[in-house]
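Enquirer: The structure that follows is given in the form of structure tokens.
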Amino acid sequence: MNAFKRIAAAALASALVLTAPAAQAQPLTEVRVAMLAPSSLLWLHAIAKDQGFYKERGIEVKELVAAASPSLLQSVSSGSVEAGVAVADLAIRAIDQGAPIVISGAVLGKSILRLVGGKEITSVKQLSGKPVTAGGVKGGTANLLRYLVQRGGGDGQSVQMVSMANSKDRVIALDNGQVFGALLVAPFDTLAQRDGLKVLGDYTEPYLQTPLILNKPWAEKNPKAAIALTQATRKAADWIYDPANKDKAIDILAAYTKTDRSICADSYAFIVEQQKAIGVGLEVSADSLKNLIVIAKAVGAEPDSTAEFDLARYYDGSFLAAK
């Protein structure tokens, strides 16, 4: 072989070595995840996407935005999507009724809902008998609003619940006097405060606000993807609690919700530093589910579950335990 041929052969071998990894790269598995409109409820999802935690696990999350929590639950139950970031009380009720879903982790293990009063409302007692909103007119968030009013010395039974799906609309309703009190998630609670409205209360005990839920038949057939989704979300939870990531976490929420960065900084202070609301390690505690039932009973509402409590009926920790 002459010199020219030796050089050409070596170049070809090098090119094959360089291109081999790309040729062998495995395609990402698509996982459809139902979620509500962008807010701090989905902060971990925004982080996992921005930081590449999903791709590290070999999945690509396709977001499907649901109009309301019941339709989100229905989508996961029916298998129209593989997973969802749900409202806990609806998930409990659905599981008790035989829906093929399971909780794989706690996106929010404490509530980040804050009760905000409308114009000229300075105390919880003033909400008695007035129109208020917590999303749905009944269920977990409605129970929590009534409970906070009741705990503050007001008449939780007399408030008039108005259905209003997202916090952005609730801020507008507070400003125009359509309602006199509302439960708001960050960053909308800060927006309301900057409009001169007052936070009247919040709930600081364990409270599973939003779990990550999976369609059980899909998870059984696709354990690798189900584990990947759960553990990528857990990595985002671990990441947000690292003080070194604080500024980047705020940037991510600001970009995801299209909200002023200073407002998102307030959200970080409340959710991560003060409330420590994001599920540490994504673990689901028994108390975080039991307290949903305790609150329902305290306000005389139909409990989310009438069965004897068994955490394993709702939560499968194997997705977090898997390697």
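The values are calculated or read from the model by the stated rules, or taken from the named source; none is laboratory data. None of these values were measured; they are calculated from a predicted model. So basically every Cβ, Gly included, is an ideal-geometry build from the backbone, and we count neighbours across all protein chains shown. We work out accessible area using only protein heavy atoms, side chains counted, and drop any ligands, DNA or RNA first. Shrake-Rupley method; radii C 1.70, N 1.55, O 1.52, S 1.80 Å.
Enquirer: Among the residues of the range 46-61, count how many are open to solvent by less than 10 Å² (accessible area, probe 1.4 Å) and in contact with a Ser or Thr (Cβ under 7 Å, 6 or more places away or on another chain).
Expert: Selection size over the range 46-61: 2.
Enquirer: Got a sec? Which of Val124, Val185 is touching a residue at least 12 places away in the same chain (Cβ under 8 Å), over 24 Å from Lys276 (Cα atoms) and either of a type in the set (Val, Ile, Thr) or open to solvent by less than 60 Å² (accessible area, probe 1.4 Å) (or both)? Talk me through it step by step, then tell me what you get.
Expert: Numbers: Val185 fails: over 24 Å from Lys276 (Cα atoms).
None of the others qualify; the one that does is Val124.
Enquirer: Could you tell me whether Tyr256 is surrounded by fewer than 20 Cβ atoms within 10 Å (Cβ to Cβ) and under 14 Å from the mean Cα position of the chain (by Cα)?
Expert: Values: surrounded by fewer than 20 Cβ atoms within 10 Å (Cβ to Cβ): yes; under 14 Å from the mean Cα position of the chain (by Cα): yes.
Yes.
Enquirer: Counting only residues that are of a type in the set (Asp, Glu) and closer than 15 Å to Ala237 by Cα, how many does the range 266-287 have? Explain how you work it out, then say what you get.
Expert: So the first thing to find is which residues in the range 266-287 are of a type in the set (Asp, Glu), and the list is 266, 273, 283, 287.
With the extra rule that they be closer than 15 Å to Ala237 by Cα, the set shrinks to 273, 283.
Within the range 266-287, residues that are of a type in the set (Asp, Glu) and closer than 15 Å to Ala237 by Cα number 2.
Enquirer: Looking at the range 299-306, is at least one residue in a helix (DSSP H, G or I), open to solvent by 10 Å² or more (accessible area, probe 1.4 Å) and touching a helix residue (DSSP H, G or I) at 6+ places or on another chain (Cβ under 8 Å)? Spell out the reasoning first.
Expert: Step one: list which residues in the range 299-306 are in a helix (DSSP H, G or I), which gives none.
No.
Enquirer: Name the residues in the range 138-155 that are within 13 Å of Tyr203 (Cβ to Cβ) and surrounded by 19 or more Cβ atoms within 10 Å (Cβ to Cβ), would you?
Expert: Taking the range 138-155 first, the residues within 13 Å of Tyr203 (Cβ to Cβ) are 140-141, 143-152.
Across the range 138-155, the qualifying residues are Gly140, Thr141, Asn143, Leu144, Leu145, Arg146, Tyr147, Leu148, Val149, Gln150.
Enquirer: How many residues are open to solvent by 20 Å² or more (accessible area, probe 1.4 Å) and in contact with a strand residue (DSSP E or B) (Cβ under 8 Å, 6 or more places away or on another chain) when one looks only at the range 96-111?
Expert: The number of residues fulfilling the criteria is 2.
Enquirer: Being crowded, with 24+ Cβ neighbours inside 10 Å, within 20 Å of Arg170 (Cβ to Cβ), modelled with pLDDT under 95 and not hydrophobic (A, V, I, L, M, F, W, C) is the requirement here; does Gly135 meet it?
Expert: Judged against the criteria, Gly135 is a match.
Enquirer: Among the residues of the range 243-280, which ones are of a type in the set (Val, Ile, Thr) and in contact with a Ser or Thr (Cβ under 7 Å, 6 or more places away or on another chain)?
Expert: Start the filter on the range 243-280 by keeping residues that are of a type in the set (Val, Ile, Thr), which leaves 250, 252, 257, 259, 263, 271-272, 278, 280.
Within the range 243-280, Thr257, Ile263, Ile271 meet the criteria.
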